[in-house]
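The values are calculated or read from the model by the stated rules, or taken from the named source; none is laboratory data. If you're wondering where the values come from, they're calculated on a predicted model, not measured in any experiment. Cβ coordinates were reconstructed from backbone atoms using ideal geometry, including for glycine residues, and neighbour counts include every protein chain displayed.
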2 protein chains.
Amino acid sequence: MSTAGPSPFETDLDKNPANYMPMHPSRFLERAAETFPGRTAMIHGARRFTYAEQHERSVRLASALARRGIGAGDTVALMGSNTPESLEAHFGVPMTGAVLNPLNIRLDAAIIAFILDHGGAKVLLTDTEFAPTVEAALGIARVKPLVIDIDDGEGPGGKRLGEMDYEELIGEGDPDYDWPGVEDEWQAIALSYTSGTTGDPKGVVYHARGAYMNALGNAVTWAMPHRPVYLWTLPMFHALGWCFPWSVAIMGGTHVGLRKVEAQAIFRSIADNGVTHMCGAPIVLSTLINAPEEDRVPFEQSVKVFTAGSAPAPAVLDGIAKLGFDVTHVYGLTEVFGPSAHCAWQEAWDGLSGDALAEQKARQGVAYPTMDGGMIVADPVTLEPVPRDGATMGEILKRGNSIMKGYLKNPKATDAAFAGGWFHTGDLAVWHPDGYVQIRDRSKDIIISGGENISSIEVEAALYAHPDIAEAAVVAKPHERWEETPCAFVGLRPGAALTEAEVIEWCRSRLAHYKCPTAVVFGELPKTSTGKIQKFRLREQAAG
Amino acid sequence: MSTAGPSPFETDLDKNPANYMPMHPSRFLERAAETFPGRTAMIHGARRFTYAEQHERSVRLASALARRGIGAGDTVALMGSNTPESLEAHFGVPMTGAVLNPLNIRLDAAIIAFILDHGGAKVLLTDTEFAPTVEAALGIARVKPLVIDIDDGEGPGGKRLGEMDYEELIGEGDPDYDWPGVEDEWQAIALSYTSGTTGDPKGVVYHARGAYMNALGNAVTWAMPHRPVYLWTLPMFHALGWCFPWSVAIMGGTHVGLRKVEAQAIFRSIADNGVTHMCGAPIVLSTLINAPEEDRVPFEQSVKVFTAGSAPAPAVLDGIAKLGFDVTHVYGLTEVFGPSAHCAWQEAWDGLSGDALAEQKARQGVAYPTMDGGMIVADPVTLEPVPRDGATMGEILKRGNSIMKGYLKNPKATDAAFAGGWFHTGDLAVWHPDGYVQIRDRSKDIIISGGENISSIEVEAALYAHPDIAEAAVVAKPHERWEETPCAFVGLRPGAALTEAEVIEWCRSRLAHYKCPTAVVFGELPKTSTGKIQKFRLREQAAG
């Protein structure tokens, strides 16, 4: 029935400054400061900032940077801990239209130098704790950024490397600066490098639209209340702090800084500051579960936790629930602005407990409501979805409005990541009949023994269920007859003692025999700067 | 410091199908159906639909319409009550790319005919209750839409006017239809006519982006929990049901239908269905407060209410709180997708009660977090903001991503509404020192007496505070000496008796004398089809 000619619904009805604005996540801070100027926006040790103050400091930062010529297309790198300054940078740098590049504070000087050069840093904000690494990196890097020191009284101190410190810089800024933001919401506002397990780190370029959208996505997915108190157990350099700098502003909440993930400091902050929400890898949860009695501080409230990075083991989920934490497993990557999927609660689970519950909760789940394009498990080449049988493996593919623009100066990697019009996560998973996705393995983590695929995650889950095992990783060990067999690396709890035979026997009581480790190595596991277990090192060890 | 040449952040980093999709509010239903297929999406009398069913019915509707040639640029009108079919139309019609035009069910045949013609209706979905009006309208209208009857078992029944009924129509549809949605999120998906207090109704054209954004805006502004139970006390034809068809889907909640705003039915539904949220004009609240004892049904939960349309009177706020309702005053217009501002709670109010609290809560408040451009009170011509002194009057102006495209086939009205790059609400208000906006009057509602401006709202608030007064409206009455004086129209509670002198004396005890009515008329007040008191009629009466 459609009539020819231009539709009246699209005639004389153009966008104008009143009905269309590029989305920009710093607007959430602006609105919170207008609405709740006297409310506490940030607690960090003895320092407290109201929303009016946090807003003013962020605008001053933007203004001071703009006065020094920083704007769209310029990179401002940040080597920062979870402090007020780092948070302000997430608001202030994008206000200028420039690109914030948070650096992984655990990297070494050579990689930092590579990133500064590759990202083209014009300014570097750097916490004095990291001065040794940063000084060495600046000696290697070709770029010569303006260096600004962050001297946090809660930190250990350290050498100043820069022309001035952060407080002097923002002192230069105009608190009434009318910040430009972006002209187009597709513009880059941030840059974050992947950990580079295979080759050089890749620079993930983030657009304003996606940051805005995933900030809202967190809020509705978690059903965040008004005035959450959010403890920064998640490193803020992880995928823009999973967009929580902005989600907390949307809800008018309070950020609580934290420089180190230590059990006592976390328990203390939860009790003292009334923390309601926090995020982090399962290692954060293990740290709390394994904390000695003297490090624990009682608290009244239930603390909601988003965890991701690897699937939390059933024993971890069980242990943390008993301590008063309500954990939701979320799933994301640097490329998708942090979490963009979650293990949404189902009414049918209301009566579950123990392993039966943990089995459900350990799955990666379903797409955020704001990930319009959704998430599928499919053949990575044909893009044909796998059956929802909980058994057939495929790659997790995503589509939506909070997925990166691509990799900086790396069209080949960008094209590969977006092959066929889907973002390829690289994670291999099964699709359950209820639509929930469950990662079985990164492809290289699959152990193929006698032609059978063994999921190292499944074997690890069995190991974690042992009361004496604090951490575990399983990799392939070359084997003459079976090609590969599982080799377990195990860290025991303080005071515990286990033999190789006992560990194998434990696994045999819970797993098909072909899945059980044929060798067990005891000791602390090597980890990446972001706390992930370095399986490639274990593989070398297993092969040796 | 910016370098010349194309920025590497904008090179080889284009939008692609994986990282950019036009926002579309029906995606929220799609995602809810994938995640919670067995959860109850809609309760309406004896009928219950799961999310899988609601999704299937909506997709079938879209498919059936598309098979009949309906798509982008076509109008599907809806004369519907708050039933499953109306809700499905909010999902299904935009799925095709067509424009949903919900009609005000209280309008007369002549205006319905005008709207059908002006909007160019190709299809009309019409509830049999409204057959007399619709039949007459179809006799007048030039357009000849395909007419589909909605025959709701909860309704009173009525003549069938169409070729088939709704169930037959959706029976034609393909449940696996791969719906196209919109190519551009700026495309029109809906059309809603203003009540036309001055001249012909104007057709407000809504874009997909704004509906998506305000659906999220409701959820975060209200901090909606998972699985809200939302009772449809708000007519769904009001500004797209204030975007709650989609907000409820985001949170995986349950809609509860309601054909008539009657106290007993509302109380019964709250008690039986565990209602947690509802919306409506203050008249809904008055209906509940004034309900006779036998119409009340006790309930345990606190029910959250968004109210708007006119400022709730202090006595109404006080009375409804005692019944177990937690009311937030929101503010919006048809042109801004329903509410886009709210009276955000401040910690400083925690200790307030009675009039002191009502005084705060009756204000229109501040912009939604998603209304990026915010809300100001300014001179409508110079756009100069008024001082935040709680006294100087100006017009409320808005900017943001959930404001209409403009008025259909009315560029003159569109240009006037967007003069100077702001949306002009037509509401006159003061701006308080805390940034909260408070409407003093629509310009035509100001009474100018002896050169002094009198806010009719202020006088009405004084009247509503009287225990015997159920409803009140104040308009200007011509006066030889003072030009105008306030004339009060008052409806009393059942069994109450008051004299004119008593009412005037009551006002004099609470207001400056020049603000007090000089005449009082008793009786039921005339209301528009949307429940607003028709002040123009009262003005005629006062002038006569």
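Here are a few things to note about the model shown:
- Taking (1) over 30 Å from A:A46 (Cβ atoms); (2) buried (at least 19 other Cβ atoms within 10 Å of the Cβ) in turn, A:D184 satisfies each apart from (2).
- Matching entry among A:L240, A:L285 (being modelled with pLDDT of 95 or more, hydrophobic (A, V, I, L, M, F, W, C) and within 30 Å of B:P225 (Cβ to Cβ)): A:L240
- In segment B:462-487, residue surrounded by the most Cβ atoms within 10 Å (Cβ to Cβ) [restricted to those that are among the hydrophobic types (A, V, I, L, M, F, W, C) and farther than 24 Å from B:A291 by Cα]: B:V474
- Residue under evaluation B:I376, criteria (1) assigned to a helix (DSSP H, G or I); (2) within 14 Å of chain A (Cβ to nearest Cβ), criterion not met: (1)
- So A:T499, is it farther than 17 Å from A:V459 by Cβ, of a type in the set (S, T, Y) and modelled with pLDDT of 85 or more: yes
- Index of the failed condition, B:N218 passing every other in (1) crowded, with 17+ Cβ neighbours inside 10 Å; (2) more than 14 Å from every other protein chain (Cβ to nearest Cβ); (3) outside any strand (DSSP E or B); (4) on the phi < 0 side of the Ramachandran plot: (2)
- Of the set (1) over 28 Å from B:R209 (Cα atoms); (2) more than 9 Å from chain A (Cβ to nearest Cβ); (3) free of Cβ contacts under 8 Å to residues at least 60 places away in the same chain, all apply to B:G45 but (3).
- Residues located in segment A:389-408, provided they are within 11 Å of chain B (Cβ to nearest Cβ) and touching a strand residue (DSSP E or B) at 6+ places or on another chain (Cβ under 7 Å): A:L397, A:K398, A:R399, A:G400, A:S402, A:I403, A:M404, A:K405, A:G406, A:Y407, A:L408
- The lone exception for A:F237 - which of (1) touching a residue at least 60 places away in the same chain (Cβ under 8 Å); (2) part of a helix (DSSP H, G or I); (3) of a type outside the set (K, R) it fails: (2)
- Filter result for B:A18 (in contact with a Lys or Arg (Cβ under 7 Å, 6 or more places away or on another chain), surrounded by 20 or more Cβ atoms within 10 Å (Cβ to Cβ) and either at the interface with chain A (Cβ under 7 Å from one of its Cβ atoms) or within 17 Å of B:V256 (Cα to Cα) (or both)): yes
- Restricting attention to segment B:310-343 and to residues that are crowded, with 20+ Cβ neighbours inside 10 Å and assigned to a loop (DSSP other than H, G, I, E, B), the residue that is nearest to the chain's Cα centre (by Cα) turns out to be B:F337.
- Members of segment A:152-175 found to be within 22 Å of A:H55 (Cα to Cα), over 29 Å from the mean Cα position of the chain (by Cα) and either not assigned by TED's automatic domain parsing to the domain that holds A:R60 or not aliphatic (A, V, I, L, M) (or both), listed by number: A:E168, A:G171, A:E172, A:G173, A:D174, A:P175
- Residue in segment A:480-492 that is part of a loop (DSSP other than H, G, I, E, B), closer than 17 Å to A:I457 by Cα and in contact with a helix residue (DSSP H, G or I) (Cβ under 7 Å, 6 or more places away or on another chain) present: no
- Looking across B:S7, B:S58, B:S63, B:S26, one residue alone is free of Cβ contacts under 8 Å to residues at least 40 places away in the same chain and either crowded, with 24+ Cβ neighbours inside 10 Å or under 16 Å from B:V182 (Cα atoms) (or both). It is B:S58.
- Check on B:K398, of a type in the set (D, E, K, R), more than 24 Å from B:P312 (Cα to Cα), in the same structural domain as B:P282 (by TED's automatic domain parsing) and touching a residue at least 40 places away in the same chain (Cβ under 8 Å): no
- Residue within segment B:63-83 that is more than 7 Å from every other protein chain (Cβ to nearest Cβ), touching a Gly at 6+ places or on another chain (Cβ under 6 Å), closer than 21 Å to A:K398 by Cα and not β-branched (V, I, T) present: no
- Enumeration of residues in segment A:55-69 that are of a type in the set (D, E, K, R) and assigned to a helix (DSSP H, G or I): A:E56, A:R57, A:R60, A:R67
- Filter result for the condition that a residue is assigned by TED's automatic domain parsing to the domain that holds A:W431, on the phi < 0 side of the Ramachandran plot and either surrounded by fewer than 22 Cβ atoms within 10 Å (Cβ to Cβ) or acidic (D, E) (or both), over A:P385, A:P369: A:P385
- Residue count for segment A:388-410 satisfying the condition of being more than 24 Å from the chain's Cα centre (by Cα) and either over 21 Å from A:S340 (Cα atoms) or loosely packed, with under 15 Cβ neighbours inside 10 Å (or both): 4.
- Against the numbered list (1) within 21 Å of B:I105 (Cα to Cα); (2) within 19 Å of the chain's Cα centre (by Cα); (3) among the aliphatic types (A, V, I, L, M); (4) at pLDDT 95 or above, B:V248 comes up short only at (1).
- The single condition among (1) more than 26 Å from B:F418 (Cβ to Cβ); (2) surrounded by fewer than 18 Cβ atoms within 10 Å (Cβ to Cβ) that A:F49 does not satisfy is (2).
- Evaluation of A:E524 against (1) over 22 Å from A:I283 (Cα atoms); (2) acidic (D, E); (3) exposed (fewer than 15 other Cβ atoms within 10 Å of the Cβ) (one fails), failing number: (1)
- Only residues that are within 16 Å of A:A208 (Cβ to Cβ) and within 9 Å of chain B (Cβ to nearest Cβ) were counted in segment A:21-34, giving 8.
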